[in-house]
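One structure below.
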Amino acid sequence: MAPHRLGLPNGVGCLVMAEKSPPDGTTQMVDRGVVDAVPAQTARHGAHARTAMRPSSLVANLGQLRLGRFGGLGLIVALVVIFGFWIPDTFLTAATAQAVTRNQAITIILSLSLMASLSAGVFDLSVGQNVGLGAVVCISLVSKYHWDTVPACLATVLVCAAVGGINALLIVVVGIDSFIATLGVGSVLLAAAEYLSKSQYVGPAPTDFQKMAGWQPFGVPVLIIYALVLALAAWYVLEHTPVGRRLYATGANPDAARLAGIATKKYVACALILTGIGCGVAAILLSAAVGSISSSVGSSYLLPPFAGCFLATTQIKPGRYNVGGLLVSLFLLGIGVEGLSLVKGDVWIPDLFNGVALVLAVGLTVVLHRRAASRSKRRAISTETSREDRTKLA
């Protein structure tokens, strides 16, 4: 058996061995780890139009930004210095540090969940409303119906996981584009949350239930501890297990991954369900943290995870979704939002900051994509011209 290297755009690699050809003359591929695979030239051209706006296309171009692998850490230091000199009495305090970590904890958990779907090559625009519905269900169960904490939490996770299963059914089985399917599902979830809450605040949750989010060991909000533990688990799975490498391969080049023997549909479906489970966990912790919830709370948890995930592809391991880059990006956004809020005090600052970050990230992706296409076209013309010149000389 001869080894074959197949190339994937986001740097994920896998050694594939060609088995003995069957009677029909085709070549069977057996997965030996991770895939480094590119299909034949015709397959590349056929897939280009289909994948132009896939998450992997955005990632491949974002990774070309010359910001430096650790540029985000430098920006964090710069923001701390700027706000430290600007508003030292309010910014350089333990209360501010606790506020940043506590506010970003839920977003970190939700972003880790979203990263599973994005790594598999699909968008999930229902994550925000999934969290909103889960929070309404959770607080309703513990406050209105007086469920115990454990059954209420399990029911919340099951509801959010079911939403992920519905997304998987629409995208993988029916074949609806992930952008359209999850956008529609998100609207349905908002309607469901408004129906259950009767468009009013739900709560308050019992004190015992809120303790799971209010505990602060050694002055550190327990929410950020939960988030970092989940981040460590996600990092290990994505970077050090075959499951993570095959998930990256599925998102980077589904055709190549399929040729390598990876069950791409199964990985996409599992990623969407895992995103739903993560939304359930985030909904539980959000419910415990705030005590009372509105059906519209999910809208504020849509942009921050996407901004964090796309900015993550420029940090630590450029060109791919990675947990380290995600943490750097979210703390960068959190410090910026908190600093500007302390300076200005307006409620619209978080939406403005996260929206600008997302637009800049994706906008730079489009520019880089056009430049890369232009360079490839010029290179192809130059190669063809050189070949014709050599033919004439011969």
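The values are calculated or read from the model by the stated rules, or taken from the named source; none is laboratory data. Bear in mind that the values here come from a model prediction, so they are computed numbers and not experimental data. Neighbour counts run over all protein chains shown; Cβ positions are idealised from the backbone, glycine included.
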May I ask you to list the residues in region 68-87 that are under 14 Å from L333 (Cα atoms) and in contact (Cβ under 8 Å) with a residue 40 or more places away in the chain? G71, G72, L73, L75, I76, L79, V80, F83
Being β-branched (V, I, T) and under 29 Å from K211 (Cβ atoms) is the filter here, so list the residues in region 291-348 that pass it. I293, V297, V323, I335, V337, V347
Check whether at least one residue in region 86-104 is modelled with pLDDT of 95 or more, touching a helix residue (DSSP H, G or I) at 6+ places or on another chain (Cβ under 6 Å) and in a loop (DSSP other than H, G, I, E, B), and report yes or no. no
Under 30 Å from D255 (Cβ atoms) and of a type in the set (S, T, Y), is that true of S140? no
Matching residues in region 171-195 (of a type in the set (A, V, I, L, M, F, W, C) and within 17 Å of V159 (Cα to Cα)) number 7
Of everything in region 340-375, what is among the polar types (S, T, N, Q) and at pLDDT 80 or above? Give them in sequence order. S341, N354, S374
In this structure, is A181 small (G, A, S), within 21 Å of L110 (Cα to Cα) and surrounded by fewer than 20 Cβ atoms within 10 Å (Cβ to Cβ)? no
Please work out if L342 is under 30 Å from G203 (Cβ atoms) and more than 22 Å from the chain's Cα centre (by Cα). yes
Out of A380, A357, which single residue is buried (at least 18 other Cβ atoms within 10 Å of the Cβ) and of a type in the set (G, A, S)? A357
